[in-house]
Amino acid sequence: MSVSSEKPLVNREYSLRMPKNFQRPSNLLQRIYEQQIALEDMFTRGITVYGTVRVNNISFHKHVSIRFTIDQWKTSSTIDAHHMVYYSDTNTDLFQFKLTLQKEKLQSLSIVARCMSFAVCYDVNRREFWDNNYSRNYNLDVIESRARDEQIKSILYDDWFHRQIVQDYHAISKVSKQTQELCGLKNLGGTCYMNSVLQSLSLTSLLTDFLLTEKEFSIEIRSYSEGTILNEYLNLLLLLSCGDYCVLTPNPFKQIFGHLNNAYFKNQQQDAHEFLLLLLDCLDKDITKIKSDNENQNINQTENNLTFLDLFYGSYKTTTTCLQCQQSSSRLEPFICLSLPISSTNQCTLQDCLAAVSQCEYLTDDSKWFCPVCKYLCDAERRLEIEKFPKILIIQFKRFELNVEQKWMKNNTLVLYPEDNFDVKQYCFSPPTAQTLYTLYSVINHNGSINDGHYTTFSRNQSQWFECDDDQIKSLPSDKLHFNSKAYLLFYTLNQTSE
């Protein structure tokens, strides 16, 4: 039996690196009108390149594809780009693509040949228009690393990667770094829902401080997987929180989130509440996965053993009572966002809305309850009581509801909400054993109607309040904060108890 003399393969990791001479087109529209197509932007995460292509809208039927090679055009492959949005003001269409290389093919290449090249093709009216970077193609270096510490690139501890992320988000520096003014987020076309949630979540100090100060955990995020939502949220979070920038273009986060969640792939209006719940769920799953992998590999956990369960999850108890035999059935359910009915059509308070939650709901006619004792459908009453409030209390006002004609309507009732020392003790079913005072730190507002709405954010940075309207940031007058009939989501944090 012959023995192979081949050396075992070293566990290699690869990443794509942007070329130093890559220039995003400054005369974009002129280039599009002359050449019909232009690569507007691109960024890399691991062995994936994400790109944005703009074309001149000269026909309804159009197709954009990317032809690429990793062996200097000895062979090539093609992928399709996806249509995102049409810009009527410039008569152009936006396409985006995601191109991930196969690790197995990269391992077979010689070190000299490790480069990925691509060009973009616009097929319209049986004609092809190309953007091949003026016949030079777009070239990305393939970087190999073997040691674990070399492959982990973190925006927190790697200067090159930090500079690259700043470029990816088109970060605009502040004129003065002394100001407390928040960093704005550019609207990508119907993405105000995303900007308002990211602004609010970035100010959630218990989560932000953990992600930005726990060095070992941030390294685990980077090694977990390039292109995950938690990974990209960390990139965006540092730029929002560092105080150096006044405007970011959150296209990398939007593209990565959209590729992982198809409902958010295109640039279009969405509900901020639904996006918030999905984003928190994605972050929760990514953090849990990292911690679970660490436990399985006997890796030491960080001292701050953060869980979303501790931060964001509260619970309420639902009790249903049969009006025939008085038999009761109770169950506990978690909540990450407390949805409250608006208790008046004129004006009410947040406390009124909380009190309305525990009012009895009578189940009769078509909504009767099957009683396990009576063994048939019975009239019953149902009561919801809050069992436990979370450290981060997020409240949603039910402003959108169906009317008698089964049409969605918006409720613009003014709900007055406290800013500081909001005490929830009387609304908690079980006697609380700890702090019950909360402080408001962000408000997401819905302006306009259901079909033509726009989200803005009132956000507190230290003691000063700002109004964030995408990339427009300005100081917020006190009366606009307190008399706000547009409030849709409230963000409260539990006051810290003194030792």
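Structural remarks
- Rounded to the nearest Hz, the phi-derived 3J(HN,Hα) couplings of region 248-254 under the Karplus curve 6.51 cos²θ - 1.76 cosθ + 1.60 (θ = phi - 60°) are 10, 9, x, 4, x, 5, 4, where x marks glycine and proline.
- Helix-only mean residue ellipticity at 222 nm for the chain, each DSSP H run of n ≥ 4 adding -39500 (n - 2.57), per residue, nearest 500: -7000 deg cm²/dmol
- Take every pair of alpha-carbon atoms less than 8 Å apart whose residues are at least six positions apart; their mean separation over the length of the chain yields a relative contact order of 12 percent.
- Annotation for Gln464 and Gln496: the two label points, set 7 Å from Cα along the Cα-Cβ direction, are 2.1 nm apart.
- In region 345-499, the alpha-carbon atoms span a convex hull of 155 Å³ per residue.
- Scanning residues 5 or more positions from Gly46 or on other chains, those with amide H under 5 Å from its amide H are Leu16, with H placed 1.01 Å from N in the peptide plane.
- Value in Å of the Kirkwood radius, where the chain supplies the Cα pairs that are averaged: 25.9
- Cut-off 12 Å between beta-carbons: net charge of the residues surrounding Gln324, Lys and Arg +1, Asp and Glu -1: 0
- For chymotrypsin sites (Phe, Trp or Tyr not before Pro), the sites in region 22-56 that DSSP calls loop and that have at most 15 other Cβ atoms within 10 Å are Phe22.
- Computed log10 I(q)/I(0) for region 6-101 at 0.10, 0.18, 0.19 Å⁻¹: -0.35, -0.94, -1.02, from the Debye equation with unit scatterers placed on every C-alpha and solvent omitted.
- Taking 22 Å as the straight-line reach from the Cα of Lys410, the lysines in range (excluding those fewer than 8 positions away in the same chain) are Lys398, Lys480, Lys486.
- In the context of the full set of protein chains, the chain has a per residue accessible area of 51 Å² (1.4 Å probe).
- Projected-area average for region 362-428 over all orientations - Cα convex hull basis, square nanometres: 7.8
- Per-selection Kirkwood Rh - region 225-288 (Cα, Å, 1 d.p.): 12.6
- 0 to 90° range, to nearest 10: angle between helix 215-224 axis and the chain longest Cα axis: 70
- In degrees, nearest ten, helix 159-168 long axis to first principal axis of the chain (Cα): 80
- Cross-link partners for Lys407 among the aspartates and glutamates, with Cα-Cα distance under 16 Å and sequence neighbours closer than 8 places in the same chain left out: Asp452.
- Angle in degrees between helix 272-296 and the longest Cα principal axis of the chain, rounded to the nearest 10: 70
- Among the listed pairs Lys62/Lys266; Lys98/Lys174; Lys186/Lys474; Lys317/Lys375, those beyond 20 Å (Cα-Cα): Lys98/Lys174; Lys317/Lys375
- Straight-line reach from Lys285: taking Cα to Cα under 18 Å and skipping same-chain neighbours fewer than 8 places apart, the aspartates and glutamates in range are Glu220, Glu226, Glu232, Glu274, Asp293, Glu295, Asp310.
- With N the number of residues in region 312-380, Rg(Cα) / (2.2 N^0.38 Å) evaluates to 1.36.
- Förster-model FRET efficiency, 41 Å R0, Asp423 and Ser329, C-beta, rounded to 0.05: 0.85
- Peptide ranges 472-478, 348-354 listed from the most packed, as the mean C-beta count within 10 angstrom indicates: 348-354, 472-478
The values are calculated or read from the model by the stated rules, or taken from the named source; none is laboratory data. All values derive from a computational prediction rather than experimental measurement. Here Cβ is always computed from backbone atoms with ideal geometry, including for glycine, and neighbour counts include all displayed protein chains. Side chains included, ligands, DNA and RNA excluded: accessible areas come from the protein's heavy atoms. Shrake-Rupley method; radii C 1.70, N 1.55, O 1.52, S 1.80 Å.
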